[in-house]
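Values quoted throughout were computed directly from the atomic coordinates according to the rules given, and no laboratory measurement underlies them. Keep in mind the model is a prediction, meaning the values are calculated, not measured. With ideal geometry, Cβ positions are generated from the backbone for all residues, glycine too; neighbour counts draw on all protein chains shown.
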Amino acid sequence: MIEIRQIGKIYGKKDNTFVALDDVSFSIDEGTRLAIVGKSGSGKSTLMHIMSGLDTATSGSVIMGGRDITMLKKKEVDKFRAQDMSFIFQSFFVQGNETCYENVSMPLEIADVPNRQRKEKIMAALRAVELEDKAKQKAKNLSGGQKQRLAIARAIVNDPKILFADEPTGNLDSATGAVIEKLLFDYSKNYGATLVVVTHDFDLANKCEQQIYLRDGHVVSERDWGKSVKTKYSQKNTKARRIIQ
């Protein structure tokens, strides 16, 4: 389980401060698909970065596997992230001048996986995203959809327990986006991995069992299929009503 407890994030100092997150709390069961939803500037990516240890909270706790990662030293957080997490971003972030094989190898190198074990894992990851035949091709020669599939192969090669995806289909057409969504959800379901998707796409969000809606750094509402909708705002707030309907 992942527990987010009263997370706050403030940028700046004194009179030049900006509250990005304010008293954000929720929990995620292992193997759940969670969507963090909101408009640009709502705090979605900031929350994901804090959950994964890429950024630090001003206040609050992030409990993973019984450990508060906000209390760990940087090296400990880096090790935890390398062993248990992976990331997929809207802009792919693949290394264009390296081959697909070399791109997927990166997480294994960071995690000090022995060379003799790497090839099998790399080819299995490329096979899972139907890029096995592109192993020796440079990433810069791939299409946008292929680059995102390569990013997924790189993300899953180390069998992560938690997969973070920040607007993973934002730069793709609807058909290619559907392929990427299927790859992510299939991995989560087949391996029991927790999938955290940051998105403003309500169609994508509705495919997740749990949804957290943010506005101006606050949780507007939370939906967990099979459970009642929880809302932080009064039912008189028409925006909150529209979001949870």
Lys/Arg +1, Asp/Glu -1 at C-beta; the chain dipole; positive extreme among Ile152, Ile10, Ala135: Ile10
Angle in degrees between helix 144-156 and the longest Cα principal axis of the chain, rounded to the nearest 10: 90
Backbone HN-Hα couplings from phi across segment 81-93 [Karplus 6.51/-1.76/1.60, Hz, Gly and Pro as x]: 5, 5, 8, 10, 10, 8, 9, 10, 10, 4, 8, 6, 6
Computed over the chain: relative contact order in percent, which uses C-alpha pairs under 8 Å that are six or more apart: 26
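How about segment 51-87: which trypsin sites (Lys or Arg not before Pro) there lie in a loop by DSSP and see at most 12 other Cβ atoms within 10 Å?
For trypsin sites (Lys or Arg not before Pro) across segment 51-87 that sit outside H, G, I, E and B with at most 12 neighbouring Cβ atoms in 10 Å, the list reads Lys73.
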Charge dipole (segment 60-100, unit charges on Cβ, about Cα centre) - positive-most of Met64, Cys100, Ser86: Met64
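Under a Cβ-only charge scheme (Lys and Arg +1, Asp and Glu -1), can you give me the dipole magnitude of segment 74-208 about the Cα centre, in debye to the nearest 20?
Here segment 74-208 has a charge dipole of around 420 debye.
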Whole-angstrom gap from segment 163-194 to segment 1-24, using each part's C-alpha centre: 28
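Do the sum for the chain: with -39,500 (n - 2.57) for every DSSP H run of n ≥ 4, divided by all residues, what is the mean residue ellipticity at 222 nm, to the nearest 500 deg cm²/dmol?
-10500 deg cm²/dmol
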For segment 1-99, average projected area of the Cα convex hull in nm²: 8.4
Within the chain: Cβ-based charge dipole about Cα centre, in debye rounded to nearest 20 (Lys, Arg +1; Asp, Glu -1): 300
Loop-located GluC sites (Glu not before Pro) in segment 43-134 whose Cβ has at most 15 other Cβ within 10 Å (DSSP): Glu98, Glu130
Per-selection Kirkwood Rh - segment 52-93 (Cα, Å, 1 d.p.): 11.3
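Exactly which chymotrypsin sites (Phe, Trp or Tyr not before Pro) in segment 71-143 are in a DSSP loop and have at most 13 other Cβ atoms within 10 Å? Please report the intermediate quantities before stating the final value.
Working: sites: Phe80, Phe87, Phe89, Phe92, Phe93, Tyr101; in loops: Phe92, Phe93.
Sites meeting the loop and neighbour criteria: Phe93.
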Geometric extent, Cα atoms of segment 74-208 - Rg, Dmax (angstrom): 14.2, 43
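Would you please report the Å³ per residue occupied by the convex hull of the alpha carbon atoms in the chain?
Output value, Cα hull per residue: 139 Å³.
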Contact order normalised by residue count of segment 60-177, Cα under 8 Å, 6+ apart, percent: 37
